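Right, one structure below, let's go through it.
Derivation of every value follows stated rules applied to the coordinates shown; laboratory data play no part. Note that the structure is predicted; figures quoted are calculated from it, not measured. Glycine gets a Cβ as well: all are built from the backbone with ideal geometry, and neighbour counts include every protein chain shown.
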There are 2 protein chains.
Amino acid sequence: MGGGFGGLYAARTLKSAPVDVTLVDRTNHHLFQPLLYQVATATLAPTDITAPIRWLLRKQRNTRVLLAEVTGFDLDGRRVVCDEGALELPYDYLIVASGARHSYFGHAEWEKVAPGLKSISDAITIRQRFLMALERAEKAASEEEKRRLLTFVVIGGGPTGVELAGMIPLITRRTVPAEFRFVDTTKSRVVLLEGGARVLPTFDEELAAHAHRDLVEMGVEVRTGAMVTNVERGAVTVGGERIEAETIFWAAGNECSPLGAMLGAPLDRAGRVQVEPDLSLPGRPEVFVVGDLAEMHTGGKRVPGVAPAAMQSGPRAANNILRLIEHRSTVPFRYRNKGDLATIGRHRAIAQLPSFRMWGYPAWWFWLFLHIMYLAGFRNRLSVLIEWGYSYFTYERGARLIAGGKGLNR
Amino acid sequence: MGGGFGGLYAARTLKSAPVDVTLVDRTNHHLFQPLLYQVATATLAPTDITAPIRWLLRKQRNTRVLLAEVTGFDLDGRRVVCDEGALELPYDYLIVASGARHSYFGHAEWEKVAPGLKSISDAITIRQRFLMALERAEKAASEEEKRRLLTFVVIGGGPTGVELAGMIPLITRRTVPAEFRFVDTTKSRVVLLEGGARVLPTFDEELAAHAHRDLVEMGVEVRTGAMVTNVERGAVTVGGERIEAETIFWAAGNECSPLGAMLGAPLDRAGRVQVEPDLSLPGRPEVFVVGDLAEMHTGGKRVPGVAPAAMQSGPRAANNILRLIEHRSTVPFRYRNKGDLATIGRHRAIAQLPSFRMWGYPAWWFWLFLHIMYLAGFRNRLSVLIEWGYSYFTYERGARLIAGGKGLNR
């Protein structure tokens, strides 16, 4: 269950197997999460990076798709409880792939002020706030208010934070300046706050330093070792300093889906389920956990919570189920690291692959190529290609919609 | 003010005039309203039929765009009050083009159950409800519940109602059936209720009859002379009969923006401002009202509340302002009726033009051509063309997104 990379790829693996598959997700769509920041920054439309799960699996006759919220498990009775008990699904084998959300490290009240970026609704919220800040700056009465409205703080220097922070100056400096009469959007300030010693800590130090320099050249104020101690409406406090900013985005941490805790297995600090090497739940050989929700290991090293790990662990769990049905023993999961990629801005990216590293132009084109390749469904791929082609040559953004009156009065 | 057809076309008319123009709208986007029903039925994405007003007017250096809500007027002091007084805009000349919303004829409580279709948020709401009904039917326990979930009632037989009702069977019969396992979506029931004697009353009787037959052939149950006496969650009562339906859409009536009443001029029954022949407010030669908000006449006949009337009256008001500045007398508005168009479904449409009438294939292609021509901004035109081409050949719909968990638990 779960319509992300883990669940979807697991379901696809079972395509021609003699089993009945039910995929449950609380949304109707599969989301291509790696491009979510592009929706948040008004470059792609929400429909460009989503596809109905039902549509993706329409030709798989042994599979049904249910839009429902899983709210509990009856592991002894082998049932999944949905919609607070309104629906119960019996199972012989179960794969749990419900992923992660952002974590506010115990400060749940920060979420309202500093939205995170995990779902398509999150992206629409961030787009709304970002565009509204510019609109409000245009009608602001005082210079001080304008400054606050044109200050954007991104908390967290991982890939999501870097990508978000990198897109903002591109838009405020290149896309929109000619459209505003009373405010100079090129004077916008973008601050990226990272608590650790450097941005992109999962990358090589040298590559991360490259990305850091790129961000600074693009006009992002990068602060490392910056521990955020308070987030409130209109300001972030970091190391005693108070930064006045209307718009604050959160990209600092993940926390697993609460479903992990309902499985009754030991969890790690981030709430990930500690699974057996074959991805099954300790003591429950018929239940598997994959993707961001599982704490998986390969060669003694922890597997990172990235899309390729989900794409690989889903099929592994599915194949192990097929082996169990055939009374064969399961196979341990081995993560094959195909490399890490992060994009920083136009013509700027870094790529860390098993056999080589890239940065700048080639890395950016490589990133572009890979993401278009992986986009699920031919349709979206074409439409993303057009949007990107258009943005690339004109610097315009195709999806600058503030829907309805929402956000107008906040 | 107003970023619809009336306001936008008025602002464009003033492009090279020696005046300072301020366009105020409570959203950031111009909406191509004639295609709104295509967003509601998941064919086009919201960003396909919207464009930031700011972007549309970016090259017009004498014009500024403000995202604000007009909340009142000080006509003697020549000021527009925005955002409950937070912002006041002085003016020498004023054009009011704030349009219309749907009217529930005194039953405001029906709005929650039966949403109407005027804004992009409305369209997203309708899309959400339509898609959720199918999702819920797939997991419904009883046949009775399935039937209720697969019954769609559209109230109002004008162009919007006909277009909405026509799209639903296209999707339930052609686009999605292969994706559902437990429910036969081709058995969906679509009921179109019209209080008057026939659908599309503004068209020739013969053409309207054509459209009526088309709807019936497509599988829509059309009922004329059907007065709705009650709308509640899960049912519509019409002429003593209670139709059980989970999904109910409202396309029955318009009501003007409340700003009309704040102008202190006489209104007609629908809330339209009764303007002078030159579109000015009686006794206020410096204030003009255009578009759906104005009750305009040409040759003794009332001008209908359609997009072309707004596109023509906006520039007329703008030109009259320029004439007043040059101390010349104003010119009365003359509506040139270029014809009426309504589309019913694939290859089905009707067109009533001054010199000829069309239906079926040619009318449908004509409709397609005209709407692509009129779409504001080159970008959207291209992307709509692609979406339509794709839908035309594959019957797929490109925008079947239910965002977030919204609507899940209703």
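Counting beta carbons within 10 Å around each of A:V287, A:V183, A:V96 and listing the fewest first gives the order A:V183, A:V287, A:V96. Here the mean projected area of the convex hull built on the C-alpha positions of the stretch B:43-112 is 8.1 nm². Mean per-residue shielding of peptide B:127-133 is 1, counting Cβ atoms of other chains within 10 Å of each Cβ. Distances, shortest first, from the label point of B:A197 to those at the same position in the other copies read 8.7 nm; the point lies 7 Å along Cα to C-beta. Quotient of the Cα radius of gyration of the stretch B:214-277 and 2.2 N^0.38 Å, N being its number of residues: 1.65.
Remark: the protein assembly as shown carries a charge dipole of roughly 1800 debye about the Cα centre, counting +1 on each Lys and Arg Cβ and -1 on each Asp and Glu Cβ. Computed from the Cα positions only, the extents of the protein assembly as shown along the three principal axes stand at 88, 62, 41 Å, in decreasing order. For the stretch A:118-204, a crude dipole built from +1 on the beta carbon of Lys and Arg and -1 on the beta carbon of Asp and Glu, taken about the Cα centre, is about 140 debye to the nearest 20. Taken along the Cα-to-beta-carbon direction at a fixed 7 Å, the label points for B:K338 and A:E244 span 5.0 nm. On the rotation that sends chain B to chain A, the chain B Cβ lying closest to the axis gives residue and distance in whole Å as B:A45, 2. Around B:F130, with a cut-off of 12 angstrom between Cβ atoms, what is the net charge of the other residues, counting Lys and Arg +1 and Asp and Glu -1? My count for the surroundings of B:F130 gives +3.
By the equivalent-ellipsoid construction on the alpha carbon gyration tensor, the stretch A:303-353 comes out with semi-axes of 34, 9, 6 Å, ordered largest to smallest. Distances, shortest first, from the label point of A:G77 to those at the same position in the other copies read 6.8 nm; the point lies 7 Å along Cα to C-beta.
In terms of the Cα gyration tensor, with a ≥ b ≥ c the square roots of its eigenvalues, is the stretch B:248-365 rounded because a/c is under 1.5, prolate because a/b exceeds b/c, or oblate? Here the stretch B:248-365 falls in the oblate category.
Given all pairs of different Cα atoms, what value in angstroms does the Kirkwood hydrodynamic radius of the stretch B:110-252 take? Computed over the stretch B:110-252, the radius equals 15.3 Å. Label points for A:L385 are taken 7 Å from Cα along Cα→Cβ. From this copy to the others they lie 1.7 nm apart, shortest first.
Mean-square fluctuations from a GNM of chain B, with a 10 angstrom spring cutoff on Cα atoms, peak among B:L14, B:L150, B:L89 at B:L89. Shown here for the stretch B:177-249: chymotrypsin sites (Phe, Trp or Tyr not before Pro) in loop regions (DSSP other than H, G, I, E, B) with at most 14 other Cβ atoms within 10 Å, namely B:F182. Here the gap between A:F105 and A:I386, fully extended at 0.36 nm per residue and compared with their Cα-Cα distance, gives a gain of 97.2 nm.
For peptide A:45-57, the mean count of partner chain Cβ atoms within 10 Å of a residue's Cβ comes to 6. Using equal-weight Cα scatterers in the Debye expression, the normalised intensity of chain A in log10 at q = 0.07 Å⁻¹ is -0.35. Dipole magnitude for chain A: computed about the Cα centre from +1 point charges on Lys and Arg Cβ and -1 point charges on Asp and Glu Cβ, it is near 1000 debye.
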